[in-house]
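Just so it is clear, none of the values below were taken in a lab; they were calculated from the coordinates. These numbers were taken from a predicted model, which means no experiment stands behind them. With ideal geometry, Cβ positions are generated from the backbone for all residues, glycine too; neighbour counts draw on all protein chains shown.
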Amino acid sequence: MTIKVGDKVPSVTLRHLTPEGPKEISTDELFGGKKVVLFAVPGAFTRTCSERHLPSYVGNAAALKAKGVDTIACVSVNDVFVMSAWSKDRQADKIMMLGDGNADFVKAIGLELDRIKEGMGIRSQRYAMLVENGVVKALNVEKPGEFAVSSAEAMLEKL
């Protein structure tokens with residue numbers, strides 16, 4: 001079942017890279033008591049993700065924070081080392097980069113994307129969600145191959 005507005009985000013473990021090394025973070029910890037914008041990409045370093053999606057959030061980070069967002073996070077079915085390298089490559093230090101290496105989170109929310117024929121395995125659909133204290137307040141899921149409703153600009157309109 002696909003997550004929808006009003007649902008509580010399921011409890012799943014994600015990972016991010018800290019100066020001390022890889023660290024687990026539960027979705028309960030990530031979203032609890034906070035206003036979080038989480039956006040997902042099919043893959044780090046891929047064309048639309050690198051040229052349009054991530055840059056939209058990097059460029060609008062201050063505007064999102066000014067609207068009361070505590071954390072801006074990007075998640076992908078990649079490991080934490082790939083997500084960290086992508087962040088450095090794209091100067092995305094304002095964004096919390098989260099690895100969902102086994103696709104546990106994306107499967108738990110029902111937004112997985114089968115890219116096996118393309119040699120990419122199971123990935124995430126492109127989406128953005130606003131989560132307040134663990135509850136989904138807005139969810140913008142893209143049609144495959146499109147980029148519009150999950151941009152930072154679209155999320156700013158929801159805030």
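Quick look at the values:
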item: Under 9 Å, Cβ to Cβ, from residue 70 - net charge with Lys/Arg +1 and Asp/Glu -1; result: +3
item: Restricting the range 79-119 to trypsin sites (Lys or Arg not before Pro) in coil, as DSSP defines it, with at most 10 other Cβ within 10 Å; result: none
item: The range 1-46 versus the range 50-129: alpha-carbon centroid distance in Å; result: 9 Å
item: Contact order relative to length of the chain, as percent, for alpha carbon pairs under 8 angstrom and 6 or more apart; result: 31 percent
item: Residues 74, 49, sorted so that the one with the fewest Cβ neighbours within 10 Å comes first; result: 49, 74
item: Neighbourhood charge, 10 Å Cβ-Cβ cut-off, centred on residue 135 and excluding it, Lys, Arg +1 and Asp, Glu -1; result: 0
item: Nearby lysines by direct alpha-carbon distance to residue 137 (threshold 18 angstrom, same-chain neighbours under 8 apart not counted); result: 4, 8, 34, 35, 65, 67, 158
item: Lysines with Cα under 22 Å of residue 117, excluding same-chain neighbours fewer than 8 positions away; result: 107, 143
